[in-house]
Every structure is written in structure tokens, then in C-alpha cells.
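Below is one structure, written out as C-alpha cells; comments come after it.
The values are calculated or read from the model by the stated rules, or taken from the named source; none is laboratory data. From a predicted model like this one, the values you see are computed outputs, not experimental measurements. Positions of Cβ are backbone-derived with ideal geometry, glycine not excepted, and every protein chain shown enters the neighbour counts. These accessible areas exclude ligands, DNA and RNA; they are computed on the full protein's heavy atoms, side chains included. Shrake-Rupley method; radii C 1.70, N 1.55, O 1.52, S 1.80 Å.
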Amino acid sequence: MMCKAADVFNLADFCVKKIPFNIINTELAGQFMLQINSCLLMALMMGFPIFFSKFGCL
């Protein structure tokens, strides 16, 4: 449907044939790094209110 609309309006970039997306992580330490990165991100998200409340910014 999007490709038909792209043809009608002459927009070549509007039609997406394939989206490159890998579900399987095949790197040697990929799963480990994913776990570490997600833990650090969650720690920052959950810890910033405590950090700012200690310094009186919130």
C-alpha cells in the first residue's frame, strides 16, 4: 500500500522494501554487553531522582 502511494505521489523514498533488523545477536560477547548496557541504563533511570534529591535540585 505504501509503495502504491509512493508511485502516485512520485516519492521513491516512501516505499520501503526491506528493513535490515537482526534479532539474533551472534557476537562473542554480545549478550553480556547487552545485559551490562541495559543494567546501566536502568540504574541511571531509576537513580536520577535520588541523586538530584540529595543535592536539592528537585
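I need the trypsin sites (Lys or Arg not before Pro) found in the range 9-58, filtered to DSSP loop residues with at most 12 other beta carbons within 10 Å of theirs.
Counting only loop positions with at most 12 other Cβ atoms within 10 Å, the trypsin sites (Lys or Arg not before Pro) in the range 9-58 are 17, 18.
First compute the accessible area of the chain with a 1.4 Å probe, then give the percent of it belonging to carbon and sulfur atoms.
Carbon and sulfur: 71 percent of the exposed surface of the chain.
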Exercise. For the range 14-27, take each phi angle, set θ = phi - 60°, evaluate the Karplus expression 6.51 cos²θ - 1.76 cosθ + 1.60, and give the result in whole Hz per residue in order, putting x for glycine and proline.
Key: 6, 8, 9, 7, 8, 10, x, 9, 9, 8, 8, 8, 9, 6
Quiz item: Do any chymotrypsin sites (Phe, Trp or Tyr not before Pro) in the chain lie in a DSSP loop with no more than 12 other beta carbon atoms within 10 Å, and if so, which?
Solution: 21, 55
Quiz item: Can you give the FRET efficiency for residue 3 and residue 26, using 1/(1 + (r/R0)^6), R0 = 25 Å, r = Cβ-Cβ distance, to the nearest 0.05?
Solution: 0.20
Practice problem: Rounded to the nearest 10 degrees, what's the angle between the helix 30-54 long axis and the longest principal axis of the chain, both from Cα atoms, 0 to 90? | Solution: 50 degrees
Quiz prompt | Under 24 Å from residue 4, Cα to Cα: lysines that are on another chain or at least 8 residues apart | solution = 17, 18
Quiz item: Heavy-atom accessible area per residue, the chain, 1.4 Å probe: how many Å²?
Solution: 104 Å²
